[in-house]
Amino acid sequence: MGTVLINECTRSMQKTVNINNLYTSCPNIFSMKVLKDATVFVDNVLKKRDIGIEGEKIVKIEKNLHGDEIDCTGLVILPGAIDIHVHFRDFREKRKEDWFSGSRAAAKGGVTTVFDMVNNDPPITTYERLMKKKRIAKKSVVNYGLYFGLGPGNLGDLNDVAPHVCGFKLHMCKTTGDLLLTDPVLQKKSFEAVKKTGKVIVVHAEDQKTLDMAEGIHKKRCDFLAHADSRPRLAESRAVAYAIACAKETGAKTHLTHISTGLALTQIRRAKQRDAMDITCDTTLTYMFFTRDNLEEMGAFCKMNPPVRTKEDLVSVWESIKYNIIDIISTDHAPHTIKEKEGEDFKTVPAGIPGVEMRLPLLLDAVNKNMLTLETLVKTCCTNPARRFNLKGRGEIKEGNYADLVAVNMDLRKDVKREEQVTKCGWSPYEGMSLKGWPIKTFVNGNLVYNFGKLYHNQGKDLFE
Ligand code: DOR
Ligand code: ZN
């Protein structure tokens with residue numbers, strides 16, 4: 001496919017036409033693009049409706065609309081997914097991913113907005129580097145926001161950069177790259193500094209002292225599980241406790257990212273419910289679908305920070321999604337090449353796995369298996385990310401909102417294949433899985449960017465210009 005059959009007016013052209021080209025070549029023929037005969041997720045339920053799009057926006061959600069029609073029979077239309085945690089690399093790490101390849105992978109996965117992390121080479125800790133990254137990110141085919149990294153030298157500068165970023169990232173521990181702030185005094189200062197900006201502080205919560213201790217204990221081991229044991233649950237729990245304390249003391253909008261353990265989720269539940277705090281958190285696909293058993297079997301291809309946990313933790317993660325303790329499901333799309341992952345010394349193999357194009361297929365499959373409701377999927381992947389990060393006009397299908405949309409086929413069953421991965425790293429930890437429910441068409445600001453296996457050019461927007 002990749003082209004769409006256009007309605008009556010263009011049938012005379014006797015051929016199929018790429019809808020993006022059509023719009024650039026004859027803008028005056030049609031006024032309204034119509035996604036026809038779809039089942040639309042609107043007002044939290046599925047309704048049979050057409051969606052009318054003019055320019056970048058949804059103008060009508062009604063039955064029997066006419067215009068430049070795109071047949072969506074049999075498809076369910078959801079708000080475009082927002083991934084608040086990706087690493088699109090670029091700079092000196094283009095071999096792993098760049099903004100073009102990463103954003104195309106996102107579009108294929110039904111993602112219309114990504115927020116990119118800060119541990120680039122060099123890390124995004126100065127205004128100049130942020131601006132340089134903004135120039136690079138113009139290659140993106142989906143919308144985007146960039147985080148700014150908190151470091152010992154930049155806590156005074158935040159007001160200058162705040163309008164240009166989706167949020168601030170605090171690394172409480174060592175992970176890929178060399179960005180970290182382990183001093184508790186500086187950690188608290190970073191919460192204070194972010195509070196003044198009104199933005200969200202996104203925290204990688206693992207306690208470095210606990211990691212150092214555990215690493216010492218397990219340093220002689222060479223088995224794969226040594227990685228998980230060297231980054232124990234207690235490290236997450238201690239860091240989460242301190243982050244919650246800092247959030248409470250400073251009142252900063254706090255978001256704890258890639259939460260992996262039942263222990264931390266209990267702490268977060270208490271902070272939210274008992275202390276009514278302005279705290280949110282996300283988990284990633286990893287902690288929903290993998291455990292220590294997978295690490296044992298897959299080795300480096302299942303190595304990430306925080307590490308995979310036990311089956312009990314995985315059950316807590318699913319329960320916490322159900323009961324709104326986990327607000328957002330992100331991917332922590334962290335691509336490394338196959339060659340890097342196959343490195344001889346498991347200890348130095350980089351941590352991180354790709355995921356940006358797999359979130360919707362995995363979660364739609366979970367919906368089909370009654371493990372998740374479609375409502376929860378939309379809340380955790382679209383609505384809550386937009387609300388938490390203050391994205392106006394996105395995350396929900398509504399007249400007047402941007403036409404960031406994904407049309408999915410809930411009945412399509414397909415295997416995850418390595419050769420179909422769009423991410424430049426060229427592999428997926430989910431290879432071989434048979435999943436039911438796949439994105440078919442992705443629209444970014446009203447433009448069709450992905451259509452059943454084909455990707456089209458689009459200029460994504462910097463949402464925090
Ligand atoms: O596994 C991970 N990989 N965890 C991180 O915190 C960083 C990420 C990366 O950038 O590769
Ligand atoms: Zn990350």
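The values are calculated or read from the model by the stated rules, or taken from the named source; none is laboratory data. All of these numbers come straight from a predicted model, not from anything done at the bench. Here the Cβ is made from the backbone with ideal geometry for all residues, glycine too, and neighbour counts use every protein chain on show. Just the protein is used for accessible areas: all its heavy atoms, side chains included, with ligands, DNA and RNA removed. Shrake-Rupley method; radii C 1.70, N 1.55, O 1.52, S 1.80 Å.
Some notes on this structure:
- Amide H contacts of residue 280 (H built 1.01 Å from N, under 5 Å, at least 5 apart or other chain): 254, 255, 256
- Backbone geometry of segment 84-90 corresponds, through the Karplus equation with coefficients 6.51, -1.76 and 1.60 at θ = phi - 60°, to 3J(HN,Hα) couplings of 7, 8, 10, 10, 8, 6, 6 Hz, x marking Gly and Pro.
- The modelled label-to-label distance between residue 138 and residue 462, using points 7 Å beyond Cα along the C-beta direction, is 0.9 nm.
- Evaluated with a Cβ-only charge set (Lys, Arg +1; Asp, Glu -1), segment 53-100 carries a dipole of roughly 320 debye about its Cα centre, given to the nearest 20.
- Amide proton proximity set for residue 114, modelled H, under 5 Å, gap of 5+: 83, 143, 144, 145
- Residue (of 405, 105, 334) at the positive-pole extreme of the chain, dipole from beta-carbon charges: 405
- Base-10 log of normalised Debye intensity for segment 157-269 (one unit scatterer per alpha-carbon) at q = 0.18, 0.20, 0.22 Å⁻¹: -0.89, -1.05, -1.21
- Amide H contacts of residue 169 (H built 1.01 Å from N, under 5 Å, at least 5 apart or other chain): 148, 149, 150, 202
- Within the straight-line cut-off of under 19 Å between alpha carbons, the aspartates and glutamates reachable from residue 138 are 56, 83, 90, 93, 97, 98, 116, 121, 128, 404, 462, 465, sequence neighbours fewer than 8 places apart in one chain being disregarded.
- Segment 364-381 - phi-based ³J(HN,Hα) in whole Hz, Karplus 6.51/-1.76/1.60, Gly and Pro as x: 5, 4, 5, 5, 4, 8, 6, 8, 8, 8, 4, 4, 5, 4, 5, 4, 7, 9
- Segment 169-215-segment 220-277 distance, computed between alpha-carbon centres (Å): 12
- Measuring between alpha carbons in the structure, the pairs from 134/436; 339/441; 132/189 lying more than 30 angstrom apart are 134/436; 339/441.
- Relative contact order of segment 130-255: 23 percent, from C-alpha pairs under 8 Å at least 6 residues apart in sequence.
- Per-residue surface analysis assigns residue 418 an accessible area of about 100 Å², computed on protein heavy atoms at 1.4 Å probe radius.
- Here the extension length gained between residue 218 and residue 157 equals 18.0 nm, from 0.36 nm per residue of separation less the Cα-Cα distance.
- Check: the chain dipole with +1 on Lys, Arg Cβ and -1 on Asp, Glu Cβ, in debye: 380
- Stretched out straight at 0.36 nm per residue, the stretch from residue 44 to residue 249 would grow longer than its current Cα-Cα span by 70.2 nm.
- Assigned charges on the beta-carbon of Lys, Arg, Asp, Glu; segment 182-262 dipole about Cα centre (debye): 260
- Gap separating the Cα centres of segment 432-455 and segment 395-416, nearest whole Å: 8
- Excluding same-chain neighbours fewer than eight residues apart, the lysines reachable from residue 392 by a Cα-Cα span under 20 Å are 57, 60, 199, 253, 379, 461.
- Ratio of the Cα radius of gyration of the chain to 2.2 N^0.38 Å, where N counts its residues: 0.96
- Residue 192 exposes around 70 Å² of accessible area when a 1.4 Å probe is run over every protein chain in place.
- Efficiency of FRET from Cβ geometry, residue 185 and residue 121, R₀ 22 Å, rounded to 0.05: 0.20
- Distance in nm between pseudo-label sites at residue 452 and residue 371 (7 Å out along the Cβ direction from Cα): 2.8
- Difference of contour (0.36 nm per residue) and Cα-Cα distance, residue 229 to residue 274: 13.1 nm
- With the whole protein complex present, residue 457 retains an accessible surface near 130 Å², based on a 1.4 Å probe.
- When you filter the GluC sites (Glu not before Pro) in segment 319-352 for DSSP loop state and at most 16 other Cβ atoms inside 10 Å of their Cβ, you are left with 342, 344.
- Treating r as the C-beta distance of residue 131 and residue 192 and R0 as 35 Å, the FRET efficiency rounds to 0.90.
- Summary value for the chain: 21 percent relative contact order, contacts being C-alpha pairs under 8 angstrom separated by 6+ residues.
- Applying the Karplus relation 6.51 cos²θ - 1.76 cosθ + 1.60 with θ = phi - 60° to segment 157-166 yields 3J(HN,Hα) values of 8, 5, 5, 5, 8, 3, x, 9, 10, 7 Hz, where x marks Gly and Pro.
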